[in-house]
Number of protein chains: 4
Amino acid sequence: MPDEVRTLPALTKEGFEAMLAESMPQVTKSGMRIDAMDHGSCRVRVSPDLHMARPGGTLSGPTMFAMADLALYGAVLSMIGPVPLAVTSHMTINFLRKPALKDLIAEARVLRLGKKLAYGEILLHSDGEADPVAHATGAYAIPGHRPAPGGAGG
Amino acid sequence: MPDEVRTLPALTKEGFEAMLAESMPQVTKSGMRIDAMDHGSCRVRVSPDLHMARPGGTLSGPTMFAMADLALYGAVLSMIGPVPLAVTSHMTINFLRKPALKDLIAEARVLRLGKKLAYGEILLHSDGEADPVAHATGAYAIPGHRPAPGGAGG
Amino acid sequence: MPDEVRTLPALTKEGFEAMLAESMPQVTKSGMRIDAMDHGSCRVRVSPDLHMARPGGTLSGPTMFAMADLALYGAVLSMIGPVPLAVTSHMTINFLRKPALKDLIAEARVLRLGKKLAYGEILLHSDGEADPVAHATGAYAIPGHRPAPGGAGG
Amino acid sequence: MPDEVRTLPALTKEGFEAMLAESMPQVTKSGMRIDAMDHGSCRVRVSPDLHMARPGGTLSGPTMFAMADLALYGAVLSMIGPVPLAVTSHMTINFLRKPALKDLIAEARVLRLGKKLAYGEILLHSDGEADPVAHATGAYAIPGHRPAPGGAGG
């Protein structure tokens, strides 16, 4: 996409981090970090950590699900602004490879933004590696009233 | 099923708890408890806790996913005995209702046990309430070599 | 459930068949038949047929998907009455066993009926056999205006 | 990918069409056509047709599922050569928009090819339109013995 028609995100990385710190402190404590946000996409990063370990020493499935869920939440909010009451409606995750003992990255993008439901996909891969570790798809339900686009994201 | 033909689980509740304490201490620390295990089924319980909270004060989606994943793991191991390297292959979760501020219970049952893959479903509901809070389906990949049925569950 | 509190379906088997014959003749032509309908559940049956065959001689995956989709549609309409514009929102299907060369049966039940979305599961098995051939879960989106419950089902 | 390192498909479009005509004549009769095949990807096309219609005049959900399933089958065989006994293991489909009354196109790509299981995603869109109509993910189980890569695709 040419730079000049790029749409600004309705919620910035900094705005999303502030929102998480206030309304979901457990996310911040979990070690998941917001790496990047653009209009319709969001990248989440986590470093391997003992308390997430599974037999074999890698990040657990539930941790990967939490990353996918958070990345999709960010991608949706990047389009509609901060809506704390948006909730996951359904999600499917396929685990494809054992993750390396490196940072794990989840990249979400919205494939459809409707009035009530936003749907997207999330690709998880180890830092610097192309092969996906997991792939997820899911939807967020968007509650009725929402702030004007971009209004609260700054 | 009449009691007299009931198959004993290949891994008991106590055996599963011991296995988790040793190989997945983060599960034990998470507050998830094994409530019951039978041949082909497993029930996991968690009490609401601040660090799991979402806006609105309820258990988060990732916590429910972790419960579903653990309950299905237990249900699979109840049929094949303790196989620490069984890993989740894929899972789909649908969130149906906001959970009450009560204990949340995940009940898993295996619908098909193959040589390489076990498939099952998990129903999550608030303690004492019939309506499901979430419903999940998923599969565990079973590694090649496994202990004789029942051999390591004691 | 005791018989005396049983809720009548908002759309009967005969009403559903008439609705399909009028608005979805391709379903009737496909060989899928409505076997039973009750409040919140529906059973669809199909006999093996050459045009559905896969290598190995069994019903194809897409045919099983079509059965699951139709059975869930019937189960939803059994609760809300005939709403032709209800459409599938998402569906997950897991194929568990090769079906026998017998009638295949899909049994759907609604797990949650919301105002906008109905969610349920579907179990497929060969006639007279307990082991499931496939298992599906999915949701139907319900359009805004709908007839009064039971109003059009007769 | 630069053209000079492009991997040839282990099964060509013509080879796949011949294989379908022989072993799955119902696919050919259904009106689904193979549009393109490359190593790891496959595109399937279908023209709107009365017998596929739903209320509102569009392609039905089961037809879209059948397209997604066939496209993923092609994408998998483009990597492993003609393996008629590869079967769908599981699939999730999300319906995003009402398709236009135009040709519908399903584009599949493999995200992971393992020894026993191949996983991929499929995007469906109306001809000439960017917005996806549906999105699916799924896996094919690959039977034990298979022809040497590329050996039978000609």
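The values are calculated or read from the model by the stated rules, or taken from the named source; none is laboratory data. The structure displayed is predicted, hence computed values, not measured ones. For neighbour counting, all protein chains shown are included, and Cβ atoms are generated from backbone atoms with ideal geometry for every residue, glycine included. Accessible surface areas use protein heavy atoms only, side chains included; no ligands, DNA or RNA. Shrake-Rupley method; radii C 1.70, N 1.55, O 1.52, S 1.80 Å.
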Subject >> Burial of 20 Å² or greater, the range D:87-103 residues [accessible area, probe 1.4 Å, versus chain by itself] >> reply: D:Thr88, D:Ser89, D:His90, D:Met91, D:Thr92, D:Ile93, D:Asn94, D:Phe95, D:Leu96, D:Arg97
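Within 10 Å of each Cβ in C:104-114, how many Cβ atoms from other chains are there, averaged over the peptide?
Details: counts 0, 0, 0, 0, 0, 0, 0, 7, 9, 0, 2.
Partner-chain Cβ atoms within 10 Å, mean over residues of C:104-114: 2.
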**OP:** Would you please give the residues with an amide H less than 5 Å from that of D:Ala36, counting only those at least 5 places away or on a separate chain, with H modeled from the backbone geometry?
**Re:** D:Arg43
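What area, in nm² and to one decimal, does the C-alpha convex hull of the range C:90-134 cast on average over all directions?
For the Cα atoms of the range C:90-134, the hull's average projected area reads 3.6 nm².
Express the Stokes-Einstein translational diffusion coefficient of the range C:13-141 in µm² s⁻¹, to the nearest whole number, given a Kirkwood radius over alpha-carbon pairs, 10 °C and a viscosity of 1.306 mPa s.
Working: Rh = 14.5 Å.
D, rounded to a whole number, is 110 µm²/s.
Of the heavy-atom accessible surface of the range A:13-141 (probe 1.4 angstrom), what whole percent is carbon and sulfur? Present the calculation step by step, with values, prior to reporting the outcome.
On the way: 2530 of 4540 Å².
Carbon and sulfur atoms account for 56 percent of the accessible area of the range A:13-141.
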Original post:
What accessible area per residue, rounded to a whole number of Å², is obtained for the range B:13-141 using a probe radius of 1.4 Å?
Top reply: 35
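Taking K and R as +1 and D and E as -1, what net charge do the other residues with C-beta under 11 Å from the C-beta of D:Ala100 add up to? Let's see the in-between values first.
Values: positive: D:Arg97, D:Lys98, D:Lys102; negative: D:Asp103, D:Asp127, D:Glu129, D:Asp131.
Net charge around D:Ala100: -1.
Partner chain Cβ atoms within 10 Å, averaged over the residues of D:134-141 - can you pull that number for me? Before the final figure, lay out each step's value.
Numbers: counts 4, 7, 4, 9, 8, 7, 1, 3.
For this peptide, the per-residue mean of nearby foreign Cβ atoms is 5.
At a probe of 1.4 Å, how much accessible area disappears from chains A and B on forming the pair, both sides counted, to the nearest 100 Å²? Please report the intermediate quantities before stating the final value.
Details: alone 8180 and 8190 Å², together 14320 Å².
The contact between B and A buries close to 2000 Å².
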